[in-house]
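The values are calculated or read from the model by the stated rules, or taken from the named source; none is laboratory data. Computed from a predicted model, the values in this text were never measured in an experiment. Positions of Cβ are generated from backbone atoms using ideal geometry, with glycine treated the same way; all protein chains shown enter the neighbour counts. Keep in mind that these areas ignore ligands, DNA and RNA; they rest on the heavy atoms of the full protein, side chains included. Shrake-Rupley method; radii C 1.70, N 1.55, O 1.52, S 1.80 Å.
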Amino acid sequence: MRWSAGWYGGTRHDRQPAGGRAVPGLENTWTVGWPTARVRSAGEGPVVLTTVGECGASDRQLREALPAVRARGWPALTGWPGSYLVVARSGETLAVVGDLAGQHPVYYREDAAGTWWSTTASALAALDGAPVDVTVLAAHLAFSQPDALAERSLFRSVRRVPGGHLLLLGPDGAAVERYEPVTYPSVALREAAPTVRAALTEAVATRIDDRPVSADLAGLDSTTLACLAAQHAPVTAVTYADERLRDDDLAYARRTAAAVPSLTHHAVPGAADAVYYAGLNDLTELPATDAPNPYVVTASIKRAVLGTVVEKMPGPGVHFTGAAGDAVLSAPSSYLADLLRERQHRRALSHAVIHARLRHTSAFTVLARVKDAARTGLAGSWLRTAAELRRPARDWIPQAQRPISWTPLLASADWMAPDVRRRLAAALDQAAEELTDAPVRLADWSDRQDLARLGTNTAGWRALALAEHGIELAAPYLDNEVIRACLAVPADRRGEPAQYKPLLDAAFTGTGVLPPFVLARTTKGGFNALAYAGLRDHARVLKELLGPSSRLAALGLVTEYPITSALERAAAGQPTAQGTLHLVVAAEVWLRQLAFAPKQWWEEVTPRVALA
Amino acid sequence: MTSIEAYSTTRSGTYPERCAAAAGLALALVLLHLPVRRHLRFRYTLRAARLARRAGRRPLDPTRAQELVDAVRHTARWWPGRAACMETSLGAVLAAALLGRRLNWCLGARFCPPPVEYHAWAELPGTGPVGEYTLGGWHHRTALSI
């Protein structure tokens, strides 16, 4: 696993990351598993700047940023293309800056002698065997919004730096400071389009060197990346095409490959046993991740894709995925709450009619769903959610029929023991009380939370790709600059319901990057069929995994009956709490991995080494 | 898979077709939302659909049929209430009847991929579903066809 860590303090530390390599120019800072080329530094005496990861800045640009480091203008260090961690020292102050989507998260823990920081919470927990924080895990399962319990991590006594914040370490201790505005000044879609195009083009170009390049070729988002990459290098494009999916991804992929000369296309045929939840009986086969990783559930499918990539390419390379494209290029219908709050009633109604058409319901039903969220703010919404958690569990209905909220409760909240629900409610009440700089628009909040969640998920997928296939996964839609360019367009414009991905359309129409029929596409594939097949085929394993012997059950985070009934519904082909089951299974696997395969994170430092 | 076919952004059809589409949709909405008991309402609706089939005898050109279905969906953007597959497909069938043409009204379900989904659509005899996404085997089983 790749991670970075550091120590800041008066006295000498007695350990360092196992297999860690010291970062040149910065004392007591290590990277583990990162290739030397991905750790780059520039420095002048007490001013040092290091980036870890895919950073698009040239050596010169790094040197030119040193005055910004000296002046402690940290935000200036976050605008290069790519996805990376920044560690910068200016005199006595050390700043650790993660990225906006949490692909390089920052955690820390303080003790009397100093502060340990790391990009991995498990490593910091392993310093003294800190246990999992059940309330935070409950929050992860109940609403999956990482910033709701802002500074709490999945482990007790490990602190988390929330999205858009950086960690400042100085002689007076650790401080967390915001570097990204809560809300971006809004930019019209037409004006933002060239910025989006430039950001995406650069994000793709940054990752292309002499490594072989491959890409997913499925939906609009991944196709865009594949075509951008094809402008620089030959691209091995793969489409997962199981017959059961019954979508048109393969047809579009073939057409695209025929139209773009440097794309070589390969279809990955599905296999009967390549369904969700396959291979969960042997958890040692799965790479360990820092947080619950939903890709463990779809690992068999991802392995088939990456296996084909490895087979068709001369060597391990970089693989582009359209992950998070939906999150930055479109918007969920919850933005209607913002339109109502801002009294844009006509626009709200006209959008609601279209959403109603797409959801086979009436505009009044759509508006009724968002009415409450339009009247409350974030803190108020948390208080309401807390009150809801104190009431008895609800019966399951599809999430799409529940009222929209700033922090909506998922079905898993209803699977928890009453005692855990009360503890979660208390934590939410406290969070509401301590909330500072809350966003005014619901879309601003939920977009950030979606991205943070996707960033963590993609990190898990990246671990899988790297550990098993040696492939570097690139998810440019999660890059800082791409996020900034896209989210500057208000959600009601990005999510314009009558048009599919209008921002991508405006950015790439007439540029010759994408064949025109790709941008005109209005369909989107999905993996529903394989999810249901998996729920049916592996119901027994799932029941056992989440049954009375499960770790989640031991913590009171799931109870047996709802799981059984959800699995029964799936077996009958009825709609069920599919996404929630997915989340819960990933959490259970993670907990078991923590217990059964403790990783050796640290090694003792002998005095002689410490002196050297 | 999802698609945004249920909503049409482009105005389509000739003037008489658009008028027929508006009238057909209006009629369908009245029928499907009659303030009577559900089974009675459905009986009236079926009777109307059968009548429509008798009224429209002449065949319909596939491109005209597509335009007509799109015109009904486009008209539906004015209606804030429910105008889902049931309403728009019946609207299209009635609109065709008003023009003296024939479209079949189909009700059915889709089992694969799960979950089970109920659906209604308009079908052109001999050609198949109109204005539906059928590429890649995206099909529903017909339970009732009028």
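Could you work out the per residue convex hull volume over the alpha carbons of region A:253-307, in cubic angstrom? Mind showing how you got there, number by number?
On the way: hull volume 6.4 nm³, N = 55.
Expressed per residue, the convex hull around the Cα atoms of region A:253-307 is 116 Å³.
Where in region A:107-194 are there GluC sites (Glu not before Pro) that are in a DSSP coil and have at most 12 other Cβ atoms within 10 angstrom of their Cβ? It would help to have the intermediate numbers written out before the result.
On the way: sites: A:Glu110, A:Glu151, A:Glu177, A:Glu191; in loops: A:Glu151.
Of the GluC sites (Glu not before Pro), not one in the loops of region A:107-194 has a Cβ with at most 12 other Cβ atoms within 10 Å.
Would you calculate the volume per residue, in Å³, of the smallest convex hull containing every Cα atom of region A:57-211?
Working: hull volume 25.6 nm³, N = 155.
Enclosed volume per residue, from the Cα hull, is 165 Å³.
If ligands, DNA and RNA are left out, what is the accessible area of B:Glu87 with a 1.4 Å probe, given in Å² to the nearest 10?
Only protein atoms counted, so the area is about 10 Å².
What's the buried accessible area, both sides, between B and A using a 1.4 Å probe, rounded to 100 Å²? It would help to have the intermediate numbers written out before the result.
Values: alone 8590 and 24970 Å², together 31180 Å².
That pair hides around 2400 Å² of surface in total.
Could you check how many percent of all C-alpha pairs in the protein assembly as shown are farther apart than 46 Å?
Working: 67309 of 286903 pairs.
Tail of P(r) above 46 Å: 23 percent of Cα pairs.
Roughly how big is chain A's charge dipole about its Cα centre, with Cβ charges of +1 (Lys, Arg) and -1 (Asp, Glu), in debye to the nearest 20?
Details: 63 positive and 62 negative charges, 229 e Å.
Dipole of chain A, to the nearest 20 debye: 1100 debye.
Expressed as a rounded percentage, what relative contact order does region A:318-383 have, with Cα pairs under 8 Å and six or more residues apart? Please report the intermediate quantities before stating the final value.
Values: 36 pairs, mean separation 18.8, N = 66.
Normalised by residue count, the contact order of region A:318-383 is 28 percent.
Starting from the exponent 0.38 and prefactor 2.2 Å, build the expected Rg for region A:19-73 from its residue count and divide its actual Cα Rg by it.
Numbers: Rg = 11.3 Å, N = 55, 2.2 N^0.38 = 10.1 Å.
In units of the globular-protein estimate, region A:19-73 measures up at 1.13.
Which whole-number percent of Cα pairs in region A:184-324 have a distance greater than 25 Å? Provide the component values of the computation, followed by the final result.
Working: 3596 of 9870 pairs.
Of the Cα pairs, 36 percent sit more than 25 Å apart.
Can you give the relative contact order of chain A as a percent, counting alpha carbon pairs under 8 Å and 6+ residues apart? Please list the in-between numbers first.
Working: 1141 pairs, mean separation 113.6, N = 612.
Rounded, it is 19 percent for chain A.
Is region A:88-176 best put as rounded, prolate or oblate by its Cα gyration tensor, with a ≥ b ≥ c the root eigenvalues, rounded for a/c under 1.5, and otherwise prolate when a/b is larger than b/c, oblate when not?
Details: a/c = 2.33, a/b = 1.42, b/c = 1.64.
Because a/c hits 1.5 or more and a/b fails to exceed b/c, region A:88-176 counts as oblate.
So if R0 is 22 Å, what FRET efficiency would A:Asp273 and A:Thr522 give, r being the distance between their Cβ atoms, rounded to the nearest 0.05?
0.10
Averaged per residue, what accessible surface does region A:225-312 expose to a 1.4 Å probe, in Å²?
Details: 3470 Å² over 88 residues.
Solvent-accessible surface per residue comes out at 39 Å².
What Kirkwood hydrodynamic radius, in Å, does region A:58-121 give when the mean of 1/r is taken over all pairs of distinct Cα atoms and then inverted? Kindly include the intermediate steps, with their values, before the conclusion.
Details: mean 1/r = 0.0773 Å⁻¹.
One over the average 1/r among Cα pairs gives 12.9 Å for region A:58-121.
Extending each Cα 7 Å along its Cβ direction at B:Cys19 and A:Lys312, get the distance between those two points in nm, one decimal.
With each label placed 7 Å out from Cα toward Cβ, I get 5.5 nm.
Quick one: Karplus J couplings for region A:109-117, per residue in order, coefficients 6.51, -1.76, 1.60, θ = phi - 60°, nearest Hz, x for Gly and Pro?
With the stated coefficients, region A:109-117 comes to 8, 9, 9, 4, 7, x, 10, 9, 10 Hz.
With labels modelled as points extended 7 Å from the Cα through the Cβ direction, what inter-label distance (nm, one decimal) is found for A:Phe596 paired with A:Ala113?
3.6
With a cut-off of 19 Å, note down the residues of region A:169-210 whose backbone N falls inside the zone around a label point 7 Å from the Cα of A:Ser262 toward its beta carbon.
Label zone hits: A:197-210.
Using a basic spin-label model with each label point 7 Å from the Cα along Cα→Cβ, how many nm lie between A:Gln344 and B:Leu34?
Distance between label points: 4.2 nm.
Going 7 Å from the Cα of A:His13 along its beta-carbon direction, which residues of region A:73-97 have the amide nitrogen within less than 19 Å of the resulting point?
What the label zone holds, given the 19 Å backbone N cut-off, is A:85-97.
Are there any residues in region A:484-523 with a reduction of at least 20 Å² in accessible surface when going from the isolated chain to the assembly of protein chains? Probe 1.4 Å, please list them by number.
Buried by 20 Å² or more upon assembly, which counts only protein chains, are A:Ala498, A:Thr522, A:Thr523.
Rounded to the nearest whole Å², what accessible area per residue is found for region A:442-589 with the 1.4 Å probe? Before the final figure, lay out each step's value.
Numbers: 4750 Å² over 148 residues.
For region A:442-589, the solvent-accessible area averages 32 Å² per residue.
Of the DSSP beta bridges with both residues in region B:22-146, give the percent that are antiparallel, rounding to the nearest 5. Each step should come with its number before you reach the end.
On the way: 13 of 14 bridges.
Of those bridges, close to 95 percent are antiparallel.
So what's the convex hull volume per residue for the Cα atoms of chain B, in Å³? The partial results should precede the final answer.
Details: hull volume 16.4 nm³, N = 146.
About 113 Å³ per residue, rounded to a whole number.
Quick check: from the Cα gyration tensor, does region A:491-612 come out rounded (a/c under 1.5), prolate or oblate? Write out the running numbers ahead of the final one.
Details: a/c = 3.19, a/b = 1.26, b/c = 2.52.
Since a/c reaches 1.5 but b/c is at least a/b, the shape of region A:491-612 is classed as oblate.
Quick one: pull the percent of accessible area on the protein assembly as shown belonging to carbon and sulfur, 1.4 Å probe, ligands and nucleic acids left out. Before the final figure, lay out the partial values.
Values: 16750 of 31180 Å².
With neighbouring chains kept in place, the figure for the protein assembly as shown is 54 percent.
Which order do you get for B:Arg43, A:Arg441 if you rank them by accessible area with a 1.4 Å probe, largest at the top? It would help to have the intermediate numbers written out before the result.
Numbers: B:Arg43 130, A:Arg441 45 Å².
Descending order: B:Arg43, A:Arg441.
Anything losing 20 Å² or more of accessible area from the isolated chain to the full protein assembly: pick those residues out of region A:235-257, probe 1.4 Å, ligands and DNA/RNA ignored.
A:Arg246, A:Asp247, A:Asp248
Among the residues of region B:78-118, which ones have their accessible area go down by 20 Å² or more when all the protein chains sit together, as opposed to their chain alone (1.4 Å probe)?
Listed in order, they are B:Pro80, B:Gly81, B:Arg82, B:Ala83, B:Ala84, B:Cys112, B:Pro113, B:Pro114, B:Pro115, B:Val116.
With every protein chain left in place, what is the accessible area per residue of chain B in square angstrom, probe 1.4 Å? Mind dumping the intermediate values first?
Values: 7380 Å² over 146 residues.
On a per-residue basis, 51 Å².
Could you tell me the calculated FRET efficiency between A:Arg21 and A:Asp59, based on Cβ-Cβ distance and R0 = 22 angstrom, to the nearest 0.05?
On the way: r = 19 Å, r/R0 = 0.88.
Computed FRET efficiency for A:Arg21 and A:Asp59 comes out at 0.70.
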